[in-house]
Amino acid sequence: MWGILFAAGCDRQSSSEPQRAPDLPPLFEEVENELGIHFVHDPGTPGTWFYPEIMVMGAALLDYNCDGRLDIYLLGCGEPEMSGVKRDPAAARNRLFRQEPDGRFTDVTDESGLGNEGYTMGVAVGDINNDGYPDVYVTNYGRDALYVNERNGHFREITDQAGVVHERWSGGACFVDYDRDGWLDLYVANYLDYFPSRACYGSSGRRDYCGPASFDKSADRLFRNVTGEQPGQGPAHADPAAIRFVDVTVAAGIAKREASGLGVVALDCNDDGWQDIYVANDMMANTLWINQQDGTFRDEALPRGAAYDSLGRPAANMGIAFTDLNGDQLPDLYVTHMAGEMNVLYMSDGPIGYREEAMQAGLAAPMHPLTTFGAVFFDLDHDGDDDLAAVHGTMKLPDTAVTIPPFDDREAYWKIFAEPNMIFLNQGDNHFTLHRSRRETFSTRCEVSRGLCVGDIDNDGDLDMLLTDTAAPARLYRNVAPKAGNWLRVRAVEPDLGGRDAYGARITVYGGGKQWTRWISPSGSYLGSHDPVAHWGLGPLPVIDRIDVRWPDGSEESFAGGPVNRLRVLAHGASTAPATAAAHRP
């Protein structure tokens, strides 16, 4: 009996799908155990119907010690924070894994100070004091936390000192220099005003997890970084004791909109050189905060065509993937939804807005029976066209689960919510086809997947994947796909701002009569943070002609081309020539 119910959680596509799939070599191999990443997420004991436990969690890839190797930050939860439940905060700790020179990972949580013990949802990474080292912001159900990197392997919590105290249920967050003053500001997406005492029921009349319609929405928060305005602080290497933020939610116009925010990204969506903010809102219209260049924002998601699904309806918007599919140097946005809805692809239609094209791209119907959370565009096989990986796990008891396993059997319980993940390969015309192989562990294993981050873990030139699963181990997938061409990685840095990554930079690579654009904007997918180094697959192209950069302050430069299959570090102000308008848009 239980075997049938467990299978039902993974068989909304077809119980025989893995058996019918071709016996093709895998594109990714699972390596977390081999590399020493031992982490099993604990959302708490089932049976409390604690809403946040079905929504967690993201993860982060970051080089916290600046040794050139990506490290991994994984988020914990533990027993829920609610009346009548005994909670052990130590069991809920987040974990930091440092990558060693041999490629293996060491758990350095204790020495790092990043073992936040809240009920954690997501994470944002950015250098808030311009010292060249990444700092960390953790979103929780409850009190969030800001950690400054002390450049010695240790982080110190400065939430109160910095003025970013926030105790709501927050989802995604991102660092963004929205006012172009050289200091990274902080945007936090709030989810709901949830109170655990409310009981919710499904259509069958049986107890189930609540949904966003059961609770009041709340406004997101925007904190402006005023560290550079403190006495004695210059543009770089600010004293950690001087780090200060000011809540400008009301002044910036963010308080005008109450919503249920989850995924969030910072991008220049209207091509004016100023950073905008896009938020995926659960069961509501999405928000596109267009920067008014005067410290304020205006929500233009509706007039720009990025608010609703293809039928003009609000959807269960959760995760966000972005790239430039049509080569116009503007971000295209892919937003993930729950089962019964089709994920949407907002294709840029010039700086004026978007048109929805998920069905035309082949990215709508395959997702219809599944609930998608994290999703990322990246060129996994280096053929010059971006592919898509997406992860799934339902939020509601499936109709097929007529009986619920005992709550003390966590494995049996969570299998009811498990769904398969997917990889879509770009066929070269922005039409995607589902990659099917019975040997692809990423897509044949069924778990309750949530966060998905990408980065070049092993520094071999291709992008690997970090996956987080509710009540299951974190998974690390090494890219072993046969490659169809060459690659390039670019790190854009700000020498006058401590050498930090140039968040908000737009980078375009030219060669062979083609162009490819990336943005330095690591937040995205679902509540996570990617490697901030830009990556391109270039097909057979052996040499690039040039690289153009629009920096976060709006200035533009051209850098010389050259050989591929390497990491380039581009420093603001060190170009061969300023980019011209003609060169900017061939």
Pair-distance profile P(r), taking every C-alpha pair of segment 116-220, with 5 angstrom steps and integer %: 2, 11, 19, 20, 16, 11, 8, 6, 4, 2, 1, 0
Euclidean distance between Cα centres, segment 361-379 to segment 133-158, Å: 32 Å
Accessible area of segment 248-292 divided out per residue, in Å², using a probe of 1.4 angstrom: 24 Å²
Computed E for Glu167/Ala91 - FRET, C-beta separation, R0 22 angstrom, nearest 0.05: 0.55
Relative compactness, the chain, computed as alpha-carbon Rg over 2.2 N^0.38 Å: 0.90
Most positive-pole-ward Cα, Met422, His392, Ile404, against dipole of segment 380-437 from beta carbon charges: Ile404
Modelled FRET efficiency - R0 51 Å, Arg207 with Arg104, Cβ distances, 0.05 increments: 0.70
Gyration tensor (Cα) of segment 145-194, equivalent ellipsoid semi-axes in angstrom: 21, 17, 10
Calculated from backbone phi, Karplus (6.51, -1.76, 1.60) coupling profile of segment 327-334 in Hz, x at Gly/Pro: x, 9, 6, 10, x, 8, 10, 10
Spatial separation of Cα centroids for segment 53-110 and segment 214-289, in angstrom: 25 Å
Neighbourhood charge, 9 Å Cβ-Cβ cut-off, centred on Arg221 and excluding it, Lys, Arg +1 and Asp, Glu -1: -1
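Share of Cα-Cα pairs in segment 410-529 beyond 19 Å, in percent?
Values: 4492 of 7140 pairs.
Of all Cα-Cα distances in segment 410-529, 63 percent exceed 19 Å.
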Radius 15 Å from Cβ of Cys210, net charge of other residues (Lys, Arg +1; Asp, Glu -1): 0
Residue-count net charge about Glu258 - beta-carbon cut-off 14 Å; Lys, Arg +1, Asp, Glu -1: 0
Rounded if a/c under 1.5, otherwise prolate or oblate - segment 303-390, Cα gyration tensor axes: oblate
Separation of the Leu567 and Ala412 label points, Cα + 7 Å toward Cβ, nm: 4.9 nm
For Trp169, residues with placed amide H under 5 Å, excluding near neighbours: Gly142, Tyr191, Leu192, Tyr194
Whole-Å semi-axes of the ellipsoid equivalent to segment 188-317 (Cα gyration tensor, √5λ, descending): 34, 21, 11
Whole-percent carbon and sulfur share, accessible surface of the chain, 1.4 Å: 51 percent
Percentage relative contact order, the chain, counting C-alpha pairs under 8 Å, at least six apart: 16 percent
Number of Lys pairs (Cα under 27 Å; 8 or more positions apart or on different chains) in the chain: 6
Global geometry of segment 341-391, whether rounded, prolate or oblate, following the gyration tensor of its Cα atoms and the 1.5 cut on a/c: oblate
Accessible area in square angstrom per residue, segment 492-560, 1.4 angstrom probe: 26 Å²
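Mean residue ellipticity at 222 nm from the helices of the chain, using -39,500 (n - 2.57) per DSSP H segment of n ≥ 4 over the full residue count, to the nearest 500 deg cm²/dmol?
Mean residue ellipticity at 222 nm (helix-derived): -1000 deg cm²/dmol.
The values are calculated or read from the model by the stated rules, or taken from the named source; none is laboratory data. Note that the coordinates shown come from a computational prediction; the quantities given were computed from them, not determined experimentally. All Cβ positions, glycine included, derive from the backbone under ideal geometry; neighbour counts span all protein chains shown. Side chains are part of the model used for accessible areas, which takes the heavy atoms of the whole protein and leaves out ligands, DNA and RNA. Shrake-Rupley method; radii C 1.70, N 1.55, O 1.52, S 1.80 Å.
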